[in-house]
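Note sheet for the following structure.
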Amino acid sequence: MKDIDGWKSVLTDQDRAKKYREYVTGWEKKIGSLLEWKLPEAGKIKSSEGILASVPFAVKDNIAVEGFKLTCGSKILEYVKAPYTATGVANLQKTGALVMGKANLDEFGMGSSTDNSALQKTNNPYDTSRVAGGSSGGSAAAVAAGIVPFALGTDTGGSVRQPAGFCGVYGLKPTYGVVSRYGLTAYASSLEVCGVCARTVDTTRTVFHAIRGMDGMDQTTIDYDPVSPEVKTVGVLKVEEGSLSEEVAASYRVSKDRLNKLGYAVKEIEIPAMEYVVPAYYTIATAEASANLARFNGMRYGLSPIFAESPDDLMRYSRNMGFGEEVKTRILLGTFVLRSGFQDQYYVRAQKIRTLIRQELDEIFTDCDVIMLPVFPTAPFHHGQSELTSFQQKQADVYTCLANMTGSPGLAVPSTLEKGLPVGVQFMAPPCGEERLFTVAEALEKEFPAPRPAGYSEEWRA
Amino acid sequence: MNKEELLTTASLALLELEEGEVDRLGEEIARMLDYFEMMTKLDVDGLEPTTHAFQKTNRLRADVLNNNNNNNINNAFNRNLIMENGNDVEDDFFVIPNVL
């Protein structure tokens, strides 16, 4: 039986549903992964023949689901209700799956710890003094704790893969445009995509194929034209001494040894433009953010003052009260790089670097079927900025934002537990090469399946 | 970026910064801009800018009503649900606070 099938009766069987509710409540007290959750009553669930019939899942709270709020982890949208359902979610609902809750996130997806959520703190299920990663920290934590078999997240620069790595689960960032962004609150439109956190490779694959598809509501969706799933040669990114923490470096070596053991041809690779990836990524991401977040002004909906001197003041007060400091920082940075006189220096140059990075990766994929690289340079860190400042957290996006810059798919795979904390490793494939990622991940899953935090249980499942 | 530049940028973005924020955010932004300077080391002559991962041209669709059909209710975009989010609503209009 597939792992996911064990979930089909947790809501429909009264006894199991009761135990499931207790299980979710118990974990939520410890980790706070969900901003809002409600289990449908057994009697009210429509029977479905779908492949995910009655399977509960969680959705990051920057993705619209009718019947739930859409806070984006921000004060400015704290009481806003989603007026419609995102296409990716609607596609899953067609398979019978049921949304049970909305997962916490860094405000508007901006961060690597979920500490930037203005509404709630989310802890790592392996150690509650540490972060679950971000920005889809709630999605990854909920999956790791066994609250749901999978959850949807969004990935703009690593926001699905990094928390998946921190929580010891699988995290897929699909090829840009293969999954509709309709219903996703835009942050950096040319980089981001809806992704999947899940406990097994099989579930990741099932959910990916359920959510993808061309969508008339998103003119940037593309046809999924899969490349061959076969993997013979794995390019392993050469990582400079000292750029990874001791634990992550050790874990990376273990994953490399496993590839050798499994019989893959392993080839060391370098990406010369790598040092420019993060500055170019943040230039583009903040520029797009400054435009996308201009819509939140308190005029029609969202937080607003009861009185203002002028319409401009009304908007300024709303934005000032409603946005957290990280969001303001990125809006300001993005506004600055787009200002007249600075565009060529920053924004246009960043887009040219994006072209170069793409060319270098295309070259690598001519003789490597997939490439392996780290997810994040450290293991899950403690809450706050004492271990990694906000600036260091941004620099640490280097391995993940690469896939967003090129549009390629990337998958975080559990690699090892180091001192009791999960460490992941990442694989990237050419566009529409998701099946290659699943091929390698499935081989590695037999060597090291997703670990289980203390308190994890399946006893209420079938 | 000096303080004046920061305040001009904030005003363009309709953000009003409090005194403490000017220092804290200013410092973080200055650090990021320094970091962005690294991009000038690279010779980008002959490289075309990439604005979008795969699409090279705009995609157009027929100019016909093409409503979202993801909704459970009426299978169409639900205007009432949108209006419910208004801070203050009168008939079919959003009412904004008094501005003088």
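Among the candidates A:LEU98, A:LEU92, the residue that is more than 12 Å from chain B (Cβ to nearest Cβ) and over 26 Å from A:TYR281 (Cα atoms) is uniquely A:LEU98. When the residues of the range A:223-233 are filtered to those that are in contact with a Ser or Thr (Cβ under 9 Å, 6 or more places away or on another chain) and either charged (D, E, K, R) or open to solvent by 30 Å² or more (accessible area, probe 1.4 Å) (or both), which remaining residue is farthest from A:ASN260 (Cα to Cα)? Among them, the one singled out is A:TYR224.
Just so you know, in the range A:250-300 the residues that are open to solvent by 10 Å² or more (accessible area, probe 1.4 Å) and among the polar types (S, T, N, Q) include one that is nearest to A:LEU332 (Cα to Cα), and it is A:SER290.
Name the one entry in B:LEU33, B:LEU15 that is facing chain A (nearest Cβ under 7 Å) and within 17 Å of A:LEU333 (Cβ to Cβ).
Working: B:LEU33 fails: facing chain A (nearest Cβ under 7 Å).
From the options B:LEU33, B:LEU15, the qualifying one is B:LEU15.
Put simply, of A:ASP397, A:ASP369 the only residue that is more than 10 Å from chain B (Cβ to nearest Cβ), farther than 30 Å from B:ASP43 by Cβ and not polar (S, T, N, Q) is A:ASP369.
Any chance the range A:327-338 includes a residue that's at the interface with another protein chain (Cβ under 10 Å from one of its Cβ atoms) and more than 14 Å from B:LEU12 (Cα to Cα)? Checked against the condition, which is being at the interface with another protein chain (Cβ under 10 Å from one of its Cβ atoms) and more than 14 Å from B:LEU12 (Cα to Cα), the range A:327-338 yields at least one hit.
A quick yes/no check of all residues on (1) hydrophobic (A, V, I, L, M, F, W, C); (2) surrounded by 16 or more Cβ atoms within 10 Å (Cβ to Cβ); (3) modelled with pLDDT under 80:
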position: B:GLY26; (1), (2), (3): no, yes, no
position: B:ALA30; (1), (2), (3): yes, no, no
position: B:LEU33; (1), (2), (3): yes, yes, no
position: B:MET38; (1), (2), (3): yes, no, no
position: B:LYS56; (1), (2), (3): no, no, yes
position: B:ARG59; (1), (2), (3): no, no, no
position: B:ASN68; (1), (2), (3): no, yes, yes
position: B:ASN72; (1), (2), (3): no, no, yes
position: B:ASN78; (1), (2), (3): no, yes, yes
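Within the range A:234-249, which residues are open to solvent by 30 Å² or more (accessible area, probe 1.4 Å) and of a type in the set (Val, Ile, Thr)? The one that is open to solvent by 30 Å² or more (accessible area, probe 1.4 Å) and of a type in the set (Val, Ile, Thr): A:VAL239.
Name the single residue, out of those in the range A:310-326 being at the interface with chain B (Cβ under 8 Å from one of its Cβ atoms) and hydroxyl-bearing (Ser, Thr, Tyr), that is least open to solvent (accessible area, probe 1.4 Å). Before you say what the answer is, go through the steps one by one.
Taking the range A:310-326 and keeping what is at the interface with chain B (Cβ under 8 Å from one of its Cβ atoms), we get A:310-317, A:319-320, A:323, A:325.
Those still in the list that are hydroxyl-bearing (Ser, Thr, Tyr) too: A:310, A:317.
On the way: A:SER310: 36, A:TYR317: 80 Å².
Per the stated criteria, the residue is A:SER310.
Restricting the range A:101-118 to residues that are closer than 22 Å to A:TRP7 by Cβ and of a type outside the set (S, T, N, Q) leaves a set whose member that is nearest to the other protein chains (Cβ to nearest Cβ) is A:LYS102. Remark: pairs (first residue in the range A:12-26, open to solvent by 30 Å² or more (accessible area, probe 1.4 Å); second residue part of a helix (DSSP H, G or I) and modelled with pLDDT under 95; Cβ separation under 6 Å; 6+ apart in sequence or on different chains) = A:THR12/A:ALA42; A:GLN14/A:ALA42. Please work out which one of (1) in contact with a Leu (Cβ under 9 Å, 6 or more places away or on another chain); (2) closer than 23 Å to A:GLY407 by Cβ; (3) within 14 Å of chain B (Cβ to nearest Cβ) is the condition A:ASN292 fails and give its number. Here A:ASN292 clears every test but (1). Can you tell me which residue in the range A:339-365 is most open to solvent (accessible area, probe 1.4 Å), limited to those that are within 14 Å of A:SER408 (Cα to Cα) and more than 7 Å from every other protein chain (Cβ to nearest Cβ)? That would be A:GLU363. Take the conditions (1) open to solvent by 10 Å² or more (accessible area, probe 1.4 Å); (2) among the aliphatic types (A, V, I, L, M); (3) part of a loop (DSSP other than H, G, I, E, B); A:ALA210 misses just one of them, which is (3).
Would you check which residues across the range A:137-180 are of a type in the set (S, T, N, Q), more than 16 Å from A:LEU92 (Cβ to Cβ) and under 12 Å from the mean Cα position of the chain (by Cα) and list them? First the steps, then the outcome.
First, the residues of the range A:137-180 that are of a type in the set (S, T, N, Q): A:139, A:154, A:156, A:159, A:162, A:175, A:180.
Checking which are more than 16 Å from A:LEU92 (Cβ to Cβ) leaves us with A:156, A:159, A:162, A:175.
Once the filter is applied, which keeps residues that are of a type in the set (S, T, N, Q), more than 16 Å from A:LEU92 (Cβ to Cβ) and under 12 Å from the mean Cα position of the chain (by Cα), the range A:137-180 yields A:THR156, A:SER159, A:GLN162.
Condition check ((1) at positive phi; (2) part of a loop (DSSP other than H, G, I, E, B); (3) under 21 Å from the mean Cα position of the chain (by Cα)) across all residues:
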position: A:GLU36; (1), (2), (3): no, no, yes
position: A:PRO40; (1), (2), (3): no, yes, no
position: A:GLY43; (1), (2), (3): no, no, no
position: A:GLY50; (1), (2), (3): no, yes, no
position: A:ALA58; (1), (2), (3): no, no, yes
position: A:VAL65; (1), (2), (3): no, yes, yes
position: A:GLY73; (1), (2), (3): yes, yes, yes
position: A:ILE76; (1), (2), (3): no, no, no
position: A:THR85; (1), (2), (3): no, yes, yes
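Only a single item in (1) within 8 Å of chain B (Cβ to nearest Cβ); (2) surrounded by 15 or more Cβ atoms within 10 Å (Cβ to Cβ); (3) among the aromatic types (Phe, Trp, Tyr); (4) farther than 23 Å from A:GLY158 by Cα is not met by A:PHE307, and it is number (2).
Return the total of residues in the range A:173-190 being of a type outside the set (S, T, N, Q) and either free of Cβ contacts under 8 Å to residues at least 12 places away in the same chain or open to solvent by 10 Å² or more (accessible area, probe 1.4 Å) (or both). Give the derivation first.
Applying the first criterion (of a type outside the set (S, T, N, Q)) to the range A:173-190 yields A:173-174, A:176-179, A:181-184, A:186-188.
Subsequent filtering for residues that are either free of Cβ contacts under 8 Å to residues at least 12 places away in the same chain or open to solvent by 10 Å² or more (accessible area, probe 1.4 Å) (or both) retains A:181-182, A:184, A:186.
Going through the range A:173-190 one residue at a time, the tally reaches 4.
The values are calculated or read from the model by the stated rules, or taken from the named source; none is laboratory data. Fair warning: this is a prediction, and the values are worked out from it, not measured in the lab. Heads up, the Cβs are rebuilt from the backbone with ideal geometry, glycines too, and the neighbour counts pull from every protein chain shown. Ligands, DNA and RNA are stripped out before the accessible areas are found, and what is left, the full protein with its side chains, is counted by its heavy atoms. Shrake-Rupley method; radii C 1.70, N 1.55, O 1.52, S 1.80 Å.
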